[in-house]
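*Asks:* Sending over a structure as structure tokens; questions will come in a sec.
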Amino acid sequence: MVDCVVRNWQGESVGQATLDLKVASPENASHIVHRAVVRQLANARQGTACTKTRAEVRGGGRKPWRQKGTGRARAGSIRSPLWRGGGVIFGPKPRDYSQKMNRKERQLALRTAFQSRAEDLIVVEDFADQFSQPKTKDLVSAMTRWGIEPDSKVLLVLSEKQPNIYLSGRNIPRLRMCLSDSLNVYDVLAADTIVTTAAALAKIQEVYGDAT
């Protein structure tokens with residue numbers, strides 16, 4: 001169980017929130033989190049890289065010169081992999097890089113990763129009412145008041161879609177936004193600081209806390 005300080009829009013402490021997730025055992029935690037990260041990155045690969053073999057390159061059907069008597073090395077095709085413009089030996093072909101992982105293992109890895117970032121977690125009150133219209137400067141100022149370094153990677157977790165917040169934060173460098181029910185292991189681990197609203201933290205506890 002982890003106790004987090006809740007801050008308001010001005011950066012002042014106004015209460016506490018609790019995060020209690022079922023995590024992997026210490027001896028297995030790093031292994032299962034690593035598997036989840038590798039799976040996510042592998043599944044994101046398109047696998048569309050493709051090169052042509054000597055059989056697929058256009059041309060090269062005729063022997064470029066006779067076998068003997070020219071003084072040059074024997075050659076049967078101008079599309080040999082040894083020639084410029086020839087085929088590629090053992091080049092990449094379209095393939096599926098996706099990996100499988102059990103749903104319970106994925107959820108356990110996500111809970112373990114999120115709870116491990118408790119020291120870098122900042123909980124704030126819902127601030128959607130502060131944006132009557134998109135305003136990037138206001139969001140940047142609020143992040144500074146919350147104690148976030150200007151150049152740090154930030155993951156902002158919201159409980160539901162907030163168009164004005166999204167439009168205010170989409171052009172802030174090194175800021176990623178996601179919903180509390182759409183967390184992923186890579187973003188949780190890659191961020192220097194995780195900012196979540198109190199409602200989003202409650203939803204995370206509701207969605208992932210009672211998992212078995």
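The values are calculated or read from the model by the stated rules, or taken from the named source; none is laboratory data. These figures come from a predicted structure and were not determined experimentally. Virtual Cβ from ideal backbone geometry, glycine too; neighbours counted across all protein chains shown. When the accessible area is computed, the model is the full protein with side chains, heavy atoms only, and any ligands, DNA or RNA have been set aside. Shrake-Rupley method; radii C 1.70, N 1.55, O 1.52, S 1.80 Å.
*Asks:* What residues of region 180-212 lie in the reach of a label at THR18, counting those whose backbone N is under 20 Å from a point 7 Å from the Cα along Cα→Cβ?
*Replies:* Hits in region 180-212 for THR18 at 20 Å: 196-212.
*Asks:* Using amide H atoms built in the peptide plane, which far-off residues or other-chain residues are under 5 Å from VAL195 H to H?
*Replies:* So VAL195 has HN proximity to ILE122, LEU155, LEU156, VAL157.
*Asks:* Could you give the accessible area per residue of the chain, probe 1.4 Å, as a whole number in Å²?
*Replies:* 63
*Asks:* Residue by residue through region 168-185, which ³J(HN,Hα) values in whole Hz follow from phi under the Karplus form 6.51 cos²θ - 1.76 cosθ + 1.60 (θ = phi - 60°), with glycine and proline marked x?
*Replies:* 6, x, 5, 9, 7, x, 6, 10, 10, 10, 8, 8, 5, 9, 10, 5, 9, 4
*Asks:* While we're on this one: State the Cα centre-to-centre distance between region 56-117 and region 142-212 in whole Å.
*Replies:* Rounded to whole Å, the Cα centres lie 39 Å apart.
*Asks:* How much length is gained on full extension from ALA44 to LYS68, taking 0.36 nm per residue of separation minus their Cα-Cα distance? Display every interim value, and only then the final one.
*Replies:* On the way: separation 24, 0.36 × 24 = 8.64 nm, distance 5.24 nm.
Gain in length upon complete extension: 3.4 nm.
*Asks:* How far, in nm, would the chain grow between ASP138 and MET1 when pulled straight, counting 0.36 nm per residue and subtracting the alpha carbon separation? Could you put the intermediate results ahead of the total?
*Replies:* Details: separation 137, 0.36 × 137 = 49.32 nm, distance 3.29 nm.
Gain in length upon complete extension: 46.0 nm.
*Asks:* Just to verify a number: FRET efficiency for ARG35 and GLU56, C-beta to C-beta distance, R0 = 22 Å, to 0.05?
*Replies:* 0.05
*Asks:* OK, next. Give the ranking of TRP83, TRP9 by solvent-accessible surface, highest area first, calculated with a 1.4 Å probe.
*Replies:* Values: TRP83 90, TRP9 40 Å².
Solvent-accessible surface, decreasing: TRP83, TRP9.
*Asks:* Percent relative contact order of the chain, based on C-alpha pairs within less than 8 angstrom and at least six residues apart?
*Replies:* Dividing the mean separation by the residue count of the chain yields 26 percent.
*Asks:* Here's another thing I want to ask about it. Got a number for carbon plus sulfur as a percent of the chain's accessible area, 1.4 Å probe?
*Replies:* Carbon plus sulfur share of accessible area: 48 percent.
*Asks:* How would TYR166, TYR97 line up by accessible area, probe 1.4 Å, largest first?
*Replies:* Descending accessible area places them as TYR166, TYR97.
*Asks:* Using the Karplus equation 6.51 cos²θ - 1.76 cosθ + 1.60 (θ = phi - 60°), what ³J(HN,Hα) coupling, rounded to whole Hz, does each residue of region 97-103 give in order, writing x for Gly and Pro?
*Replies:* Rounded to whole hertz, the list is 8, 4, 10, 9, 8, 4, 4.
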